[in-house]
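Each reported figure results from applying straightforward, stated rules to the coordinates on display, with no laboratory input. What you are looking at is a predicted structure, and each value in this text was computed from that prediction instead of being measured. Using ideal geometry, Cβ is built from the backbone for each residue, glycine included, and neighbour counts are taken over all protein chains shown.
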There are 2 protein chains.
Amino acid sequence: MESAFAIIAEPNRRAILSLLVSSQQSVGEIERRLRMPQPAVSKHLRVLREAGFVESTVDAQRRLYRLKPKPLQEVDDWLDQFRQFWSERVDALERHL
Amino acid sequence: MESAFAIIAEPNRRAILSLLVSSQQSVGEIERRLRMPQPAVSKHLRVLREAGFVESTVDAQRRLYRLKPKPLQEVDDWLDQFRQFWSERVDALERHL
DNA sequence: TCTGTATATGCCTTGACACGTATATGCTCC
DNA sequence: GGAGCATATACGTGTCAAGGCATATACAGA
């Protein structure tokens, strides 16, 4: 399975994830809101689904896609090691002021 | 300038960043610790430098590389929009238990 | 069952990028 | 200033993924 970092390297996929954060959306809604060709949307959703970022349910002819938290949380976990570093810098800056 | 997300999509670059979080390192130290060919290290460092992830200072024949916070913080900022979504899910889970 | 709508997949082309190898640059010390 | 070490760059190559377009699949409603 591709790393979560490689998945979110693609700007259109990040846009899709941002869109899904408010609520689930159908492929057509994503297509219209992002003004992206439908096959492109479907392909990115496939990548996102296989990497565990989203899941889908069937609603008649439509598929509704929604976010799943785990992969983005893994990215968040990786970033955690740098937070100590950031706060040290901020502390040093504040002491300096 | 390349997006921070594309930069950290590369596993070796993430390894370099993780290595630099403890302290600054020379190219040779990175090369040895990650068992990576020296040109590869230099090339990745160049990409990281041009994207603002690291900066370097000259120490005689060596170059010491150290972390800069901004690009990783931008990634962190992007992740922020999903934190609300995660905590809602955790809350719902906790209520369910 | 036919038509239209929604979504997925296949094929092809193109561009980007990581890697290996070789070589260049720059500094230090004798 | 020559030798050796540390780092950077140049070049050629293979791989892989995104985009465009055509087409297939699936479902709904008359």
Regarding B:Ile16, is this residue more than 10 Å from chain A (Cβ to nearest Cβ) and more than 9 Å from DNA strand D (Cβ to nearest atom)?
yes
How many residues are part of a loop (DSSP other than H, G, I, E, B) and either of a type in the set (Lys, Arg) or touching a residue at least 12 places away in the same chain (Cβ under 8 Å) (or both) if we restrict to region B:4-48?
7
Would you say B:Asp80 is under 17 Å from A:Gln81 (Cα atoms) and exposed (fewer than 14 other Cβ atoms within 10 Å of the Cβ)?
yes
Of the listed residues (A:Arg49, A:Arg83), the one being more than 13 Å from the chain's Cα centre (by Cα) and either basic (Lys, Arg) or facing another protein chain (nearest Cβ under 10 Å) (or both) is A:Arg83
When the residues of region B:58-69 are narrowed to those that are free of Cβ contacts under 8 Å to residues at least 24 places away in the same chain and more than 10 Å from chain A (Cβ to nearest Cβ), which ends up surrounded by the fewest Cβ atoms within 10 Å (Cβ to Cβ)?
B:Ala60
Would you confirm, using the coordinates I've provided, whether A:Gln24 is more than 13 Å from chain B (Cβ to nearest Cβ) and out of contact with any helix residue (DSSP H, G or I) (no Cβ under 8 Å at 6 or more places or on another chain)?
no
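Per-residue answers, yes or no, for (1) among the β-branched types (Val, Ile, Thr); (2) within 11 Å of DNA strand D (Cβ to nearest atom); (3) farther than 30 Å from B:Ser18 by Cα; (4) facing chain B (nearest Cβ under 10 Å):
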residue: A:Ser3; (1), (2), (3), (4): no, yes, no, yes
residue: A:Glu10; (1), (2), (3), (4): no, yes, no, yes
residue: A:Leu20; (1), (2), (3), (4): no, no, yes, yes
residue: A:Pro37; (1), (2), (3), (4): no, yes, yes, no
residue: A:Ala40; (1), (2), (3), (4): no, yes, yes, no
Please go through region A:59-77 and pick out each residue that is under 15 Å from the mean Cα position of the chain (by Cα) and not aliphatic (A, V, I, L, M).
A:Tyr65, A:Arg66, A:Lys68, A:Pro69, A:Lys70, A:Pro71, A:Gln73, A:Glu74, A:Asp76, A:Asp77
Among the residues of region B:49-73, which ones are within 7 Å of DNA strand D (Cβ to nearest atom) and assigned to a strand (DSSP E or B)?
B:Ser56, B:Arg62, B:Arg63
